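Read the structure below first, then the notes.
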Amino acid sequence: FERLVQLMPKGLHRRLEILAVLPDIAVLVQGNWVVRSDALYKDDDKHSKDAVEALRRCRNHILWHFTHSLRLQTHSLRRDCIREVPPVQLEAMLFQLAVRREGCW
């Protein structure tokens, strides 16, 4: 929650104001607020627009899976995202969002 508050526009202090803006920067996944991919991966001069879009798509795909299931099979994720996102970045995303289990997250 503290990380999400940091991403909020400056000057929001009351809880109701924060809750009103929260859906603009986060999505609810299994009862937890998770920073939106477009808030986390912003367009910048360091990365190409295509690379940033690929990161967003892959992370959104992961979030979508977790909204529908408690587990994410590693092999299906690799099949879906590996073409767009390097394995090191894919694993970093997963470590931010989930706990690794045998064969799944």
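The values are calculated or read from the model by the stated rules, or taken from the named source; none is laboratory data. On a predicted model such as this, the values are computed, not experimentally measured, just so you know. Here Cβ is always computed from backbone atoms with ideal geometry, including for glycine, and neighbour counts include all displayed protein chains. In case anyone asks, the SASA skips ligands and DNA or RNA and just uses the protein heavy atoms, side chains included. Shrake-Rupley method; radii C 1.70, N 1.55, O 1.52, S 1.80 Å.
What the table shows:
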quantity: Fully extended contour minus Cα-Cα distance, from ARG57 to LYS42, at 0.36 nm per residue; calculated: 4.1 nm
quantity: Longest site-free stretch - the chain; sites: trypsin sites (Lys or Arg not before Pro), DSSP loop, at most 13 other Cβ within 10 Å; calculated: 15-41
quantity: Rounded accessible area per residue of the chain, 1.4 Å, Å²; calculated: 71 Å²
quantity: Mean separation of Cα contacts under 8 Å, 6 or more apart, over the residue count of the chain: relative contact order %; calculated: 19 percent
quantity: Apportionment of accessible area to carbon and sulfur, the chain, percent (1.4 Å); calculated: 53 percent
quantity: Kirkwood-based shape ratio for the chain, expressed as Rg/Rh from alpha carbons; calculated: 1.00
quantity: Table column - 3J(HN,Hα) (Hz), segment 48-61, Karplus curve with 6.51, -1.76, 1.60, x for Gly and Pro; calculated: 5, 4, 5, 5, 5, 4, 5, 4, 4, 4, 5, 5, 4, 4
quantity: Label-point separation in nm, ASN32 to VAL88, each point 7 Å along Cα→Cβ; calculated: 2.5 nm
quantity: Stretch gain in nm, segment ARG100-LYS10, where the contour uses 0.36 nm per residue and the Cα spacing is subtracted; calculated: 28.8 nm
